[in-house]
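Trainee: I have a structure here, written as structure tokens, and I will follow up with some questions on it.
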Amino acid sequence: MRFMLLAASVWLMAAAPVLPPGMATPVAHPYDETADAHAAVAAAFAQARQTGRKVLLDFGGNWCPDCRMLAGVLEDPQVKQWTADKFIIVMIDVGRFKKNLDIAAHWGVKVHAAPTVLMVTPDGKLLNGDDPFGLADARSLSTQAAVDLLARMSRT
């Protein structure tokens, strides 16, 4: 019986990793692999023009731990309202860097790291062309550090 309890507690610890304080909880499948990314981007820009919010294009894949962590930051209850007030967010699945890459190429960005984040004004001006890969190590960032970086990326 003790062995079974020990085995169960070891399994539970392996199944639910303990995150350091201030870290977001990763999202398992943040990217819809069957979505029409081009239509989603077009709809986001239409909504952005109506609301004045910026468009945050998040290029990544469900296989990517940093992408899943960034999605966790965006879903964090303390962050979600801030992002909803500032951005229209589009999660764009890149597969294994083989699909939807033309969307980023429109702004002269080659997606070679995940996540790649583009901050774009409603009229199509890229704000963070100098560093679209700043969140590629999202696993090493606290939630606050990721939010701070998003805020810097979105400044005009």
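Read the figures in this text as sums done on the coordinates, not as results from a lab. The shown structure was predicted, so the numbers you read here are calculated from the model rather than taken from an experiment. When we count neighbours, we look across all protein chains shown, and the Cβ atoms used for this are built from the backbone with ideal geometry, even at glycine.
Trainee: Tell me, Ser154, Ser142 in order of fewest to most beta-carbon neighbours within 10 Å?
Mentor: Arranged by neighbour count, lowest to highest, Ser154, Ser142 become Ser142, Ser154.
Trainee: Can I ask one more? Please order Lys86, Lys80 by the number of other Cβ within 10 Å, starting at the fewest.
Mentor: Exposure proxy ranking, most exposed first: Lys80, Lys86.
Trainee: Nearest 10 degrees is fine. How inclined is helix 65-75 to the longest principal axis of the chain, computing both from alpha carbons?
Mentor: In the chain, helix 65-75 runs at an angle near 80 degrees to the longest axis.
Trainee: Under the 0.36 nm per residue contour assumption, what length would be gained going from the current alpha-carbon distance of Gln81 and Lys99 to full extension?
Mentor: Gain on extension, Gln81 to Lys99, equals 3.5 nm.
Trainee: Next up: Select from Leu118, Leu101, Gln50 the residue farthest towards the positive end of the dipole of the range 14-153; place +1 on Cβ of Lys and Arg, -1 on Cβ of Asp and Glu, and compute about the Cα centre.
Mentor: Highest projection toward the positive end goes to Gln50.
Trainee: Moving on to the next point. Note down the nm distance, to one decimal, between modelled labels 7 Å out along Cα→Cβ at Ala46 and at Arg155.
Mentor: 3.4
Trainee: Compute, for the chain, the length of the dipole vector about the Cα centre, with Cβ point charges of +1 (Lys, Arg) and -1 (Asp, Glu) only. Units Debye, rounded to 20.
Mentor: Its charge dipole is roughly 80 debye.
Trainee: Could I ask something else about it? Where both partners of a DSSP beta bridge lie in the chain, what percent of those bridges are antiparallel, to the nearest 5?
Mentor: Antiparallel bridges: around 45 percent, rounded to the nearest 5.
Trainee: Can you tell me the equivalent ellipsoid semi-axes for the range 22-153? Use √(5λ) from the Cα gyration tensor, largest first, whole Å.
Mentor: Taking √(5λ) for each eigenvalue gives 20, 18, 14 Å, largest first.
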